[in-house]
Amino acid sequence: MANATPQPPLPSTAGEILDLHSQTMLRGTNWIFTIAVVSFHLGALAALFYFRWSALLVFLVVWIFAENVGIAIGYHRLLTHRGYSTPKWVEYFIATCGTLALQGGPIYWVAVHRMHHKYTDKPGDPHSPRDGKWWSHMGWILNGSLHNQTEALKQYAPDLVRDRYYRWLNQYHWVPLTVVGLSLFASGGWSWLLWGTALPVTIGFHVTWMVNSITHLWGQRRFATSDDSRNNLWVALLTGGEGWHNNHHAYPVSARHGLAWYEMDINYYGICLLEKFGLASHIKAASLTSAIKEKAKQASREVVATSLETTRDPR
């Protein structure tokens, strides 16, 4: 397992951050996204009237590739935090799977998440519950304008912007899901189409948004991070491990989020499986042992600092 390495530099000018933040907090309705989100929700409801066992299997396959492989293992732990490495063709495949969740292209998704980590629960955070519970869950998508700040967002993902494939995929991120949808419709009709696109995309929206909202509101805090991040069991179960959010904010570049033996982290197990097949390497993995040692060192430094202050101020 490799040690943590620095991530690409991020913009830090206070004026730019506050200006971008104020722009994204506009309370108008983003009708394009609102219509898309409502349409997929209606499609998800319609799917319930087209149930077939084969359609359920289609749902599970698409869910694993879109949410676990694409969003969690790909967009999040690989592209955003570089918690491990893969051959380029594997990275491209995983990133393409991420577009099946219809949460935007890789440059957009990565840039937004890096903004979140740099300004977590402070001005500049795209979706902090401190700006409102609704805002952190859906408001920032339906009422915000961040998606329109293309040039500003590029500053947060310069490594992806330099890659020709990612520039193409970011612009045409809707193409893979469209191809999959048409293929499913041709093979299994409306049942396969709805259960393989509308339902997983809609549930995936809310599961991902729960990480933005719920895991900054309810749960346990193992680490005293400077934000409101929490470990939430239910979100972890729904996402395959993304709910161990306090662990993640304490060790952002770690590909492992579930640090205790009882903290199930399916997405990390998937990365380890890739390593078994020689498709992943340089995995950065935090552990409770290292965390305990680090906390002990910090406590020791605080004791020394207190002793020095006492020595300097003998009253």
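The values are calculated or read from the model by the stated rules, or taken from the named source; none is laboratory data. Predicted model, so just to flag it, every value in this text is computed and none were measured. As a convention, Cβ positions derive from the backbone with ideal geometry for all residues, glycine included, and neighbour counts pool all protein chains shown.
Quick rundown of the values:
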item	result
Qualifying position, being at negative phi, among the basic types (Lys, Arg), within 20 Å of the chain's Cα centre (by Cα) and surrounded by fewer than 23 Cβ atoms within 10 Å (Cβ to Cβ), among 164, 230, 256	230
Any hit, the stretch 123-136, residues being outside any helix (DSSP H, G or I), charged (D, E, K, R) and in contact with a Phe, Trp or Tyr (Cβ under 9 Å, 6 or more places away or on another chain)	yes
Test: residue in the stretch 73-80 that is of a type in the set (Lys, Arg) and assigned to a helix (DSSP H, G or I)	yes
Test for residue 95: is it closer than 26 Å to residue 286 by Cα, of a type outside the set (Val, Ile, Thr), in the same structural domain as residue 278 (by TED's automatic domain parsing) and touching a Phe, Trp or Tyr at 6+ places or on another chain (Cβ under 6 Å)	no
Yes/no for residue 153 being modelled with pLDDT under 95 and in contact with a helix residue (DSSP H, G or I) (Cβ under 9 Å, 6 or more places away or on another chain)	yes
Single match in 196, 204 (criterion: assigned to a helix (DSSP H, G or I), farther than 23 Å from residue 126 by Cα and in contact with a Phe, Trp or Tyr (Cβ under 8 Å, 6 or more places away or on another chain))	196
Flag if residue 234 is at pLDDT 95 or above, in a loop (DSSP other than H, G, I, E, B) and either aromatic (Phe, Trp, Tyr) or not assigned by TED's automatic domain parsing to the domain that holds residue 55 (or both)	no
Some residue of the stretch 80-96 being under 15 Å from residue 156 (Cα atoms) and surrounded by 24 or more Cβ atoms within 10 Å (Cβ to Cβ)	yes
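Residue-wise test of (1) at pLDDT 95 or above; (2) crowded, with 22+ Cβ neighbours inside 10 Å; (3) assigned to a loop (DSSP other than H, G, I, E, B).
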{"position": "242", "(1), (2), (3)": "yes, yes, yes"}
{"position": "247", "(1), (2), (3)": "yes, yes, no"}
{"position": "267", "(1), (2), (3)": "yes, yes, no"}
{"position": "278", "(1), (2), (3)": "yes, no, yes"}
{"position": "310", "(1), (2), (3)": "no, no, no"}
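Rundown of residues vs (1) under 26 Å from residue 199 (Cα atoms); (2) surrounded by fewer than 17 Cβ atoms within 10 Å (Cβ to Cβ); (3) not charged (D, E, K, R), yes/no style:
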{"position": "32", "(1), (2), (3)": "yes, yes, yes"}
{"position": "70", "(1), (2), (3)": "yes, no, yes"}
{"position": "98", "(1), (2), (3)": "yes, no, yes"}
{"position": "133", "(1), (2), (3)": "yes, yes, no"}
{"position": "137", "(1), (2), (3)": "yes, no, yes"}
